[in-house]
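Notes to accompany the following structure.
Just so it is clear, none of the values below were taken in a lab; they were calculated from the coordinates. Just so it is clear, the model here is predicted, and its values are computed rather than measured. No Cβ is skipped: glycine too gets one built from the backbone with ideal geometry, and neighbour counts run over all protein chains shown.
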Amino acid sequence: MVVGSDSVEEYLEAIHSFNERGERAKNTELAKRLKVAPPSVTQMVKKLADRGYVQHVPYRGTILTGRGMALAQRVVRKHRLLERFLYDYLGMGMGKVHDEACRMEHSLSDEAAHALCDALDNPETCPDDEKPIPRCPLSVSDCEDCAVIREGSEARLITELSNLQAGEKGVVSLVVMDDRLKELGISKGDEVEVTAAEPFEGPLTVKVAGETSSVERVSAAKIYVVVIDVEADLVEAHPHGPHH
């Protein structure tokens with residue numbers, strides 16, 4: 001199975017829908033959402049876990065890893081931007097925009113998603129219950145860096161540090177500074193390893209330059225990292241969305 005295929009993206013997007021509510025995705029619920037047989041879900045979840053995109057605990061459910069979340073956010077961003085466009089500019093009813101966006105999201109290139117975001121004036125929410133559109137991890141002042149990442153040949157998966165699970169590493173690409181992060185001294189270019197992670201809203205234990213510290217999720221969500229050790233067969237990934 002090729003990572004980046006429509007099927008993989010659909011699964012990651014479905015798991016994301018549960019995780020963003022603070023819930024683990026159970027196989028039975030995934031089967032219902034994706035309209036597939038439970039054994040198919042079991043098989044796919046195992047493949048995703050083998051590739052490092054999810055962590056699955058039997059009878060409890062599945063959560064995305066940092067690299068899995070980065071891929072999922074990429075698809076979710078495209079989906080919600082498309083919903084905004086279809087609803088606001090084409091006047092399609094809410095009963096149709098979701099399914100139409102599902103059909104379009106997999107063929108929308110990163111370049112087109114970036115242009116769509118700009119054309120929509122960087123919206124923060126989609127029309128479907130005003131769900132948030134995952135923001136671009138680059139500030140306005142970093143447009144030149146954004147262009148380099150977007151046009152480069154290297155596969156890059158960028159997500160918030162708060163999404164990494166124990167054992168994952170990332171290189172800091174942006175820090176939205178607050179007082180706690182100033183104390184920790186985390187800055188752009190630093191390599192960060194998550195050594196322990198409490199589920200969902202719990203704190204992270206991170207190691208930076210040999211020093212171990214505890215970071216609250218609210219602070220970790222302000223640190224964007226390029227996930228390390230991304231497999232070579234990943235499609236190029238750069239999150240484009242609000243605030244770019």
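Mind giving me the FRET efficiency for Ala221 and Asp118? R0 is 22 Å, r the Cβ-Cβ distance, nearest 0.05 is fine. Don't skip to the answer; put the middle values down first.
On the way: r = 24 Å, r/R0 = 1.11.
Using R0 = 22 Å, I get an efficiency of 0.35.
Once every Cα of the stretch 1-139 carries one equal point scatterer and solvent is ignored, give the base-10 log of I(q)/I(0) from the Debye formula at q = 0.12 Å⁻¹, two decimals.
Debye output, listed in q order: -0.48.
Residues of the stretch 61-90 with amide nitrogen under 15 Å from the 7 Å Cα-to-Cβ point of Lys96?
83-90
With charges set only on the Cβ (+1 for Lys and Arg, -1 for Asp and Glu), what does the dipole of the stretch 6-64 come to about its Cα centre, in debye to the nearest 20?
280
Taking every pair of distinct Cα atoms and averaging 1/r, then inverting, what Kirkwood hydrodynamic radius in Å comes out for the stretch 6-64?
Details: mean 1/r = 0.0909 Å⁻¹.
Here the Kirkwood hydrodynamic radius works out to 11.0 Å.
Suppose the chain between Ser109 and Ala209 were pulled fully straight at 0.36 nm per residue; how much longer would it get relative to their current alpha carbon spacing?
32.3 nm
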